[in-house]
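Asks: Could you have a look at this structure, given as structure tokens, before my questions?
The values are calculated or read from the model by the stated rules, or taken from the named source; none is laboratory data. Quick caveat: nothing in here was measured; it's all calculated off a predicted structure. All Cβ positions, even for glycine, are placed from backbone atoms using ideal geometry, and neighbour counts span all protein chains on display.
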Amino acid sequence: MIFNRITRACSLLAMLLAAGAASGQAAQGTAELELVPHPDLGQLKPEVRELLQPAVEYFTQQRATLEGRALGLAYGRMGINYLAHEQQEAAGACFRNAAILDPENPRWPYLVAVHYEETGFLDKAVDSYRASLILGKTYLPGYIRLGRVLLELNRLPEAEAAFQVVLNVDPDDAAALAGLGQVAFGRDEFDKAAGLFERALQEDPEASSLHYRLGLTYRALGQADKARAELDQAGERIPATDDPLLAFVRGHTRGAAHYLDAAAEAEAAGNSPVAIKLYEIATSIEPSNVDALLRLAELQGAAGEMDEAFMNFGRVLAIEPANARANYFVGTELERRGQETEARAYYEKALETEPQLVEPRMLLANGLMRSGEYELAGEHYAQVAHQLPGSVDVMYLLGMAWLAAGECQWANPVLLRAAGMAPADRQIMTALTRAYSTCPEATPEERGKALAAARALYDVQPDMDTSETLAMASAANGEFEEAVDAQAQAIFEALKNGAEDRLTWLQENMQRYQAQQPATAPWSAGAEVYRPEALVPGPGR
Amino acid sequence: MPDVICSASRRPTAAAGRCAAFVLLGLGFRSACGGDIFVDEASSTGLSFEHFNGMSGELYFPEMMGSGVALFDFDNDGDLDVYLVQGQMLGGKPVSAATIAPRYPTPLTDRLYRNDLADGELRFTDVTERSGIRAPGYGMGVAAGDYDNDGHVDLYVTNYQSNQLWRNRGDGTFEDVTARAGVDDPRWSVSASWVDYDRDGWLDLYVGNYFRHSIETDRRVCRMAKQARDYCGPLKGAGDPDSLFRNRGDGTFEDVSESSGIHKAYGGALGVVAADFNGDRWPDIYVANDGVANQLWMNQKNGQFLNEALLAGAAVNKDGMAEASMGLDAGDFDGDGDEDLFMTHLRQETNTLYVNDGQGWFEDESVVMGLANPSFSYTGFGTAWIDYDNDGWLDLLAVNGAVRKLPALVELDDPYPLHQTDQLFRNLGDGSYREVTGSAGSAFGVSLVSRGAAFGDLDQDGDPDVVVSNNAGPARVLLNEVGSRAGWIGLRLLTADGRRDAYGARVEVELERPLWRRVRADGSYASSNDPRVLVGLGTESGRPVTVRVIWPDGSEERFKGLSAGRYHELRQGGAR
């Protein structure tokens, strides 16, 4: 059973995530995947082994259950860990597999390119950088790296084009200026090269290697003194390029604990975006850290990054299928996506683990209401009401559930209590009035109070609902003439407002009133009032 | 096409014999030997040297750095003899503690092999014992040169600690004159160069010192990404300055390291080459340093040197990065009449080619020349510009071997996971190189921890051969099988008294495309090369040639009517 649920969850997540990608290509089959030459962990330095082991174990476990893009992500995460610890062969294989399984994700060809670059396969690095930049056209550090590799290959026109892309976006980018300077130098355009190197140095004065280039350029221009002055300042620091993806990879060389502490600090400082990044690194290093994954997912959810949150809660469920918080969140996300039945299953799963949780029970009850399972919904609302005795909303919904279930004798005291808690609440007052007016067990006194309340409601706001309520209460008290008049007005308002779907119900009651009979139910079966609103897609969607 | 290579061989070498056998048997000739440019003939020629590095599991830094080899004619019989530098135990451990037992009886010493070439057949005889050479130091490198102008080539041996100067008595024996000559250097020396820097007619000595290091105090434990321990690299900031000894001409030397300015720069020298880089006819000195900016000591003609490497563009690569330079060579690879520089580097750097503009200013053109990418995965050591196919263009050979354990070999539980294959690059004559290792023959498929390499015509057939010294491995004699197919001319340039090779002399072979070569023994890594000039004539091989010589003292001379296909001795002042 558990396995089925895991499988179903994973499959569902994979399906949803794949659907979320703007993919025109189907993920390719696993037959094309290459065998990853995992290093023997026993031979690694203890500190490296300690960092890699959780990732490898997690990956090994995931490898058997995942497929498609989700498996691609798992390969990618494993590759990042390997790359961070200089296990190039294994990293390369992981990234190539990730790129096959998750073909629309630009980070995999990018990291394949980095792997090729670091192992000296520069032509392949160029191809992979290009593949990455086709998928992620706006990732500027990629153009810088591509340009530098092209310079290494002496492919000056292509390098120039790569650097120019960056300068089109940021005309002051020191790395791109320096790259163009090298292109100019390579073409013996020394005046131009000098200008570009000078500008690059202006933008990034700490890039001491530019003094060397500038020195050689001055030398080529015959300005030996200037050349010497520059060369004396030469160092090895190249112009800085902010490359978030590689920073993320490099982050894996430190333990997860470091990033968890930093993430907690960021959260405490109210800096959620930074906290999210730090949790991402931590959970990439230690993929089975459920607490970190949960926190990450929750922060992502709160930030509107629903797809990411959904995926990370999915990762939690793959580790702990019964995790209540994850089941709850996945339920909410499925509900937002309109998959009510599946959502309810996740709420139930959450409640199996943590029955005291209010939110999943409320959402479950709401879902049951929408699916017409009123009695069961009522039981859940009742439990919540027990936990939250001061909640008017819960009391109201409980009352409505019993009304919908035809159990007005249980609904009436609940609604009466709700009305007592919120005397001015028109919605509660309407429900109570109609309940008293239609419930066979209502006393004459209750029916009289209902008529008084209905008249008061109508006086304040004479509309379709208050007219219908007044008609219902009048009929319950034998005032059929008033009931017919009020019902006629209700029908008129319905026609005027285009609420044709209400007409049948209104006319049935009209016939009852005309036949000197009271209404038998406060609302029609399945009326909108029995359907609490479902969650709507969040801002990140 | 297939059988040309073997049939062109004029001597009945083992390789030729094998080829003949294949032909007779009707076997696939090309696959057997048709593609071999070089063939390893170490065992068939009797040069069965095995380097002992004394490793005992402690991973002492010096044990994987040696060692070198010298090609020199110690007995003046006209062919090249071989001197191979040997290691020892380190850290006071007994030989019994060695991971790989030495194949020689203790005490271990460097070994001298006499070349008994006869009728084209190459044969080496170990004459170490009778030569009197007892080299008990932990050997690194060797530089051959006739320091006392007596017509017999002497040897300066660099060691992990004290160096030795072996004077060639001329009777087949050597004597240790280190103390008398005053050229001991107790530091860790690797490469040295004999150069007459003051042009007084006596060879002076430049000694490249590596890093301050002590087995006793270097307690670092380095590890690869794997758990396994790994060799440590040089300590940052521990570079030693080099030494310059001026030859007084009386058998003694004066240490002029301070007064000459050499001590003004610290390095980590592994390769040294002397040449006139700015065309002023005074020898300059280029030093390849490990991980530290290289030095270009420009001769100020007054006994002093100035390090101009940075302005010259030869201190660091084109990215402004200091590289781990190991072996090197200077030569005119592009035929423009000046000395360019090539040096080997650490894995994941690239080998680097600095092109001279004629005035001693260089540009790193490694990428353009096609030399960067193919070297990325290798750690290069010994190297030289040689014209292996005698087409008139200087090719490159680099011998390789890592200094940090190679993960792929560790995975295979390799007991000494540093070995790599060597590489050969052909000068295409259009300003670029192409790696031709794949077609260089099975000798280039052998993976060893190569360090020193000395280049010279061992079998006197007019093409350059190579002796490679492999750390904790067998020395290899790579005989060139293809060069003798093309035209060539060999020149031995001698000083006016006819006794000594005129180190530093430059030769212009006056062809339609002039070819410039230099008399040199230095360069490569810890090794000493054949000082003779061997020039491939390519298509211009039929007629006699004229050569112009710029002698070490700056004077010029032209020698006319030199026939191709043989060696000539050219004595300064001897032109007719």
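Asks: Among the helices (runs of 4 or more DSSP H) contained in the range A:344-458, which hold 1 or more residues that are among the polar types (S, T, N, Q)?
Replies: A:359-370, A:374-387, A:408-421, A:426-438
Asks: Looking at the structure I just gave you, is A:E198 assigned to a loop (DSSP other than H, G, I, E, B) and either more than 44 Å from the chain's Cα centre (by Cα) or within 14 Å of chain B (Cβ to nearest Cβ) (or both)?
Replies: no
Asks: Between a first residue in the range B:65-78 that is surrounded by 24 or more Cβ atoms within 10 Å (Cβ to Cβ) and a second residue that is assigned to a loop (DSSP other than H, G, I, E, B) and of a type in the set (D, E, K, R), which pairs have beta carbons less than 6 Å apart while being 6 or more apart in sequence or on different chains?
Replies: As it stands, the answer is B:L71/B:D530, since those pairs meet every condition given.
Asks: Shifting gears a bit: Considering only the range A:180-209, state which residues are of a type in the set (A, V, I, L, M, F, W, C), buried (at least 24 other Cβ atoms within 10 Å of the Cβ) and either in contact (Cβ under 8 Å) with a residue 40 or more places away in the chain or closer than 19 Å to A:Y143 by Cα (or both).
Replies: Listed by number, the residues that qualify are A:L180, A:V183, A:L196, A:F197, A:A200.
Conditions tested, residue by residue: (1) farther than 23 Å from A:R336 by Cβ; (2) modelled with pLDDT under 95; (3) surrounded by 23 or more Cβ atoms within 10 Å (Cβ to Cβ).
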position	(1), (2), (3)
A:L364	no, no, yes
A:L388	yes, yes, no
A:L398	yes, no, yes
A:Q409	yes, yes, no
A:P413	yes, yes, no
A:G420	yes, yes, no
A:P423	yes, yes, no
A:R426	yes, yes, no
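Asks: Let me ask something else. Based on what the data block shows, is B:L90 touching a Lys or Arg at 6+ places or on another chain (Cβ under 6 Å), surrounded by fewer than 21 Cβ atoms within 10 Å (Cβ to Cβ), at pLDDT below 95 and under 24 Å from B:V403 (Cβ atoms)?
Replies: no
Asks: A:G222 passes all but one of (1) surrounded by 15 or more Cβ atoms within 10 Å (Cβ to Cβ); (2) within 14 Å of chain B (Cβ to nearest Cβ); (3) over 18 Å from B:D319 (Cβ atoms); which number fails?
Replies: Checking A:G222 against (1) surrounded by 15 or more Cβ atoms within 10 Å (Cβ to Cβ); (2) within 14 Å of chain B (Cβ to nearest Cβ); (3) over 18 Å from B:D319 (Cβ atoms), the one that fails is (1).
Asks: A further question follows. Looking at the range B:529-543 only, could you name the residues that are within 10 Å of B:G392 (Cα to Cα) and of a type in the set (V, I, T)?
Replies: Those that are within 10 Å of B:G392 (Cα to Cα) and of a type in the set (V, I, T): B:V535, B:T539.
Asks: Sticking with this structure for a sec: Check B:M326, B:M343 and return the single one that is in contact (Cβ under 8 Å) with a residue 40 or more places away in the chain, more than 14 Å from chain A (Cβ to nearest Cβ) and touching a His at 6+ places or on another chain (Cβ under 7 Å).
Replies: B:M326
Asks: While we're looking at this one, here's another question. I'm trying to understand the selection: among the residues of the range A:120-144, which are within 16 Å of B:F376 (Cβ to Cβ) and either of a type in the set (A, V, I, L, M) or surrounded by 18 or more Cβ atoms within 10 Å (Cβ to Cβ) (or both)?
Replies: Of everything in the range A:120-144, those that are within 16 Å of B:F376 (Cβ to Cβ) and either of a type in the set (A, V, I, L, M) or surrounded by 18 or more Cβ atoms within 10 Å (Cβ to Cβ) (or both) turn out to be A:G120, A:F121, A:L122, A:A125, A:V126.
Asks: Determine which single condition B:G380 fails, assuming it passes every other condition in (1) surrounded by fewer than 24 Cβ atoms within 10 Å (Cβ to Cβ); (2) of a type in the set (G, A, S); (3) free of Cβ contacts under 8 Å to residues at least 60 places away in the same chain.
Replies: That leaves (1) as the condition not met.
Asks: Also, I was wondering about something else. Specify the residue that is nearest to A:V358 (Cα to Cα); the eligible residues are those in the range A:298-343 that are among the aliphatic types (A, V, I, L, M) and not in a helix (DSSP H, G or I).
Replies: A:A322
Asks: Among residues belonging to the range B:346-377 that are away from chain A (no Cβ under 12 Å) and part of a strand (DSSP E or B), point out the one that is surrounded by the most Cβ atoms within 10 Å (Cβ to Cβ).
Replies: B:T352
Asks: Same structure again: Scan the range B:197-226 and report the pairs whose first residue is at negative phi and among the aliphatic types (A, V, I, L, M) and whose second residue is modelled with pLDDT under 85 and in a strand (DSSP E or B), with Cβ atoms within less than 8 Å and a gap of 6+ or a chain change.
Replies: B:V221/B:R229; B:A225/A:L44
Yes/no per residue for (1) buried (at least 23 other Cβ atoms within 10 Å of the Cβ); (2) under 18 Å from B:Y210 (Cβ atoms); (3) of a type outside the set (K, R); (4) within 14 Å of chain A (Cβ to nearest Cβ):
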site	(1), (2), (3), (4)
B:H263	no, yes, yes, no
B:L270	yes, yes, yes, no
B:A275	yes, no, yes, no
B:W282	no, no, yes, no
B:Y286	yes, yes, yes, no
B:V292	yes, yes, yes, yes
B:N302	no, no, yes, no
B:A314	yes, no, yes, yes
B:A322	no, yes, yes, yes
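Every residue, every condition in (1) away from chain B (no Cβ under 14 Å); (2) surrounded by 22 or more Cβ atoms within 10 Å (Cβ to Cβ), yes or no:
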{"position": "A:R63", "(1), (2)": "yes, no"}
{"position": "A:A70", "(1), (2)": "yes, yes"}
{"position": "A:E89", "(1), (2)": "no, no"}
{"position": "A:I100", "(1), (2)": "yes, no"}
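Asks: Could you list, in sequence order, the residues of the range B:452-501 that are of a type in the set (A, V, I, L, M), surrounded by 24 or more Cβ atoms within 10 Å (Cβ to Cβ) and under 28 Å from B:D196 (Cα atoms)?
Replies: Across the range B:452-501, the qualifying residues are B:A453, B:A454, B:L458, B:V466, B:V467, B:V468, B:I489, B:L493.
Asks: May I ask you to verify whether B:D336 is of a type outside the set (V, I, T), part of a loop (DSSP other than H, G, I, E, B) and more than 14 Å from every other protein chain (Cβ to nearest Cβ)?
Replies: When the stated conditions are applied, B:D336 passes them.
Asks: Quick check on my filter: what residues within the range B:467-490 are more than 15 Å from B:I386 (Cα to Cα) and among the hydroxyl-bearing types (S, T, Y)?
Replies: Within the range B:467-490, just B:S469 meets the criteria.
Asks: Of all the residues that make up the range B:230-250, how many are within 30 Å of B:R180 (Cβ to Cβ) and exposed (fewer than 15 other Cβ atoms within 10 Å of the Cβ)?
Replies: Counting residues in the range B:230-250 that are within 30 Å of B:R180 (Cβ to Cβ) and exposed (fewer than 15 other Cβ atoms within 10 Å of the Cβ) gives 3.
Asks: Return yes or no: is B:F444 free of Cβ contacts under 8 Å to residues at least 60 places away in the same chain, surrounded by fewer than 24 Cβ atoms within 10 Å (Cβ to Cβ) and hydrophobic (A, V, I, L, M, F, W, C)?
Replies: No.
Asks: Same structure, new question: Kindly check whether there is at least one residue in the range B:176-192 that is touching an Asp or Glu at 6+ places or on another chain (Cβ under 7 Å) and free of Cβ contacts under 8 Å to residues at least 24 places away in the same chain.
Replies: Among the residues of the range B:176-192, at least one is touching an Asp or Glu at 6+ places or on another chain (Cβ under 7 Å) and free of Cβ contacts under 8 Å to residues at least 24 places away in the same chain, which makes the answer yes.
Asks: Which of the residues belonging to the range B:182-204 are under 19 Å from B:Q161 (Cβ atoms) and part of a loop (DSSP other than H, G, I, E, B)?
Replies: Scanning the range B:182-204 gives B:G182, B:V183, B:D184, B:D185, B:P186, B:R187, B:W188.
Asks: Related question: Please go through the range A:240-257 and give me each residue that is surrounded by 12 or more Cβ atoms within 10 Å (Cβ to Cβ) and over 25 Å from the mean Cα position of the chain (by Cα), ordered by number.
Replies: Correct list: A:A240, A:T241, A:R250, A:T253, A:R254, A:G255.
Asks: Ok, one more. Would you mind finding the one in A:A322, A:A297 that is surrounded by 24 or more Cβ atoms within 10 Å (Cβ to Cβ), modelled with pLDDT of 90 or more and at negative phi?
Replies: The match here is A:A297.
Asks: Would you kindly identify the strands (runs of 3 or more DSSP E) lying entirely within the range B:472-557 that contain at least 2 residues that are β-branched (V, I, T) and in contact (Cβ under 8 Å) with a residue 24 or more places away in the chain?
Replies: Output list reads B:506-509, B:533-538, B:545-550.
Asks: Tally time: how many residues in the range A:469-481 are under 13 Å from A:A450 (Cβ atoms) and part of a helix (DSSP H, G or I)?
Replies: 8
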